[in-house]
Structures are given as structure tokens and as C-alpha cells.
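As C-alpha cells, the structure follows; a few thoughts come after it.
FYI, it's all coordinate maths here, none of it is from the lab. Note that this is a predicted model, so its numbers are computed, not measured. Cβ placement follows ideal geometry from the backbone for every residue including glycine, while neighbour counts extend to all protein chains displayed.
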């Protein structure tokens with residue numbers, strides 16, 4: 001089942017994001033066969049201020065565990081994290 005994980009950064013945390021990014025990318029790489037899409041959310045100036053990941057995982061508890069293990073989460077980067085079940089409609093596989 002797909003889950004969309006939408007994370008919003010705490011204000012003023014760009015340095016934390018940049019410092020933690022290599023570990024974050026490595027972590028996501030261990031799930032590359034389960035991630036449909038992943039990337040930063042951007043502010044009006046094009047600077048990252050959050051994350052969006054759509055992951056194919058067993059259930060919401062597994063999605064929460066995946067999110068909790070992310071180095072960004074562990075570094076305290078996020079002000080909020082929302083995990084929502086999601087269904088791919090377009091494009092059709």
C-alpha cells in the first residue's frame with residue numbers, strides 16, 4: 001500500500017537539512033525499491049522547507065517507523081509529519 005509522507009521543516013533549519021542530507025539520501029537508498037517518489041518541498045524562493053515521500057509499505061505503522069528512522073526526523077528537522085494512505089491513479093501502470 002502506498003503512503004504519502006509530508007514533512008514541514010521547522011523555521012530556520014536549512015543548515016540542519018543541509019548537514020543531514022547525505023545521511024538522509026543514504027537512508028532512502030536502502031528503501032529505493034519501495035519509494036515511488038521522493039523530494040524536497042520548496043518555498044517561494046526555491047529553498048527546501050520540507051519533504052514529500054511516497055512509499056510502498058505494509059501499513060501505516062510501517063510508514064511511521066520508516067519516517068521515524070529518517071535522519072531528518074532523528075535530527076529534529078521537522079515541525080510536522082503527516083502520513084496519509086495514497087492511491088496512484090495517473091499515469092496508469
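See the values below:
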{"read-out": "Flag for residue 85 being in contact with a helix residue (DSSP H, G or I) (Cβ under 9 Å, 6 or more places away or on another chain), more than 15 Å from residue 7 (Cβ to Cβ) and either touching a residue at least 12 places away in the same chain (Cβ under 8 Å) or in a helix (DSSP H, G or I) (or both)", "value": "yes"}
{"read-out": "Conditions (1) under 17 Å from residue 79 (Cβ atoms); (2) surrounded by 14 or more Cβ atoms within 10 Å (Cβ to Cβ); number of the one not met by residue 11", "value": "(2)"}
